[in-house]
1. Would you please give the FRET efficiency between ASP100 and LYS53, computed as 1/(1 + (r/R0)^6) with r the Cβ-Cβ distance and R0 = 45 Å, to the nearest 0.05?
2. Looking only at ASN61, ASN170, ASN207, which one moves most when the chain is put into a Gaussian network model with springs between Cα atoms under 10 Å?
3. For helix 37-50, report the angle its Cα long axis makes with the longest principal axis of the Cα atoms of the chain; keep it between 0 and 90° and round to the nearest 10°.
4. In a Gaussian network model over the chain where Cα atoms closer than 10 Å are linked, find which of GLN74, GLN115, GLN219 has the largest mean-square fluctuation.
5. Under the Karplus relation 6.51 cos²θ - 1.76 cosθ + 1.60, θ = phi - 60°, what is the ordered set of whole-Hz ³J(HN,Hα) values for the stretch 173-178, x standing for Gly and Pro?
6. Given the Cα-Cα distance of GLN115 and SER197 and 0.36 nm per residue of separation, how much length would full extension add, in nm?
7. Calculate, axis by axis, the spread of Cα positions in the chain along the three principal axes, and write the results as whole Å, longest axis first.
8. Across the chain, how many lysine pairs, 8 or more positions apart or on different chains, have C-alpha atoms separated by under 16 Å? Please give the number.
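Read the figures in this text as sums done on the coordinates, not as results from a lab. From a predicted model like this one, the values you see are computed outputs, not experimental measurements. Neighbour counts are summed over all protein chains in view; Cβ atoms, including those assigned to glycine, are modelled from backbone coordinates with ideal geometry.
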Amino acid sequence: MSLLPYNYQELERVYQQISPLSSSCISVTSATAGEGVSTLIDAIAQRTKNAGKRVLVVDLNLHHPRSNIAPETQICWTRALDSQNLQTQARIDYLCAPIDFDLRQQLRDAQLLQQWFLSWKQHYHLVLLDTSALNRYNSGNISAQSVCRVSDSVLLCVLAGKTSSIQLLNAKRELESVDANVMGVVLNDRFNPSFKSLVLRSAKRLNKISPKLFRWCEQHIQNSQLLSMRV
């Protein structure tokens with residue numbers, strides 16, 4: 001999984017919308033799979049950690065669970081549901097996707113989910129819920145719609161150039177159908193690089209010819225206000 005630098009200006013805008021909220025439980029979801037939900041969550045968690053706050057990331061995506069969580073940051077579900085000594089020494093704690101069948105069934109109960117969310121918010125400044133895509137309806141998943149309905153707010157991640165307008169409209173209807181509190185939409189421009197990025201990519205060809213000229217061009221491109229403007 002690719003890492004998103006936590007000092008991105010765009011990420012800072014997202015964080016500034018979240019930071020005034022006290023002890024919030026936020027679902028991060030998408031219309032379809034592979035739109036960058038986990039990457040966004042990790043970046044928000046890191047930014048929150050750097051602000052001196054504690055974060056709990058809960059993996060509820062049974063279709064594509066996380067596999068790169070450091071053991072020292074993991075919390076077992078038995079401990080999480082008991083809520084005694086819930087936190088680890090890390091500022092970012094992770095609850096892995098549950099493998100126990102009975103627990104998965106309990107996680108499909110919206111009322112139980114809401115109770116657990118309230119308990120976790122007593123221990124953490126921010127709880128981030130990594131859900132499956134809204135179009136994943138099979139019985140093996142925990143419904144993203146159900147999770148979004150009982151969380152405090154929702155961030156919808158959209159992959160520009162990949163997610164169709166129909167898929168986005170369907171996602172909007174799904175969230176509206178459960179009265180989810182949508183905080184905003186985060187546009188993942190992974191496949192839509194900025195004009196500045198394209199110019200820098202072209203300028204790198206100069207590095208083989210004249211590294212000194214390339215460094216001069218790179219500095220001026222990076223400092224250009226015109227190329228930094230969003231259109």
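1. For R0 = 45 Å, the calculated efficiency reads 0.90.
2. In the Gaussian network model the winner is ASN207.
3. Helix 37-50 sits roughly 90 degrees off the main axis of the chain.
4. Result: GLN219 has the largest fluctuation of those listed.
5. My calculation for the stretch 173-178 gives 5, 4, 5, 5, 5, 10 Hz in order.
6. Contour length minus Cα-Cα distance gives 25.0 nm.
7. In descending order, the Cα extents are 63, 43, 31 Å.
8. 4
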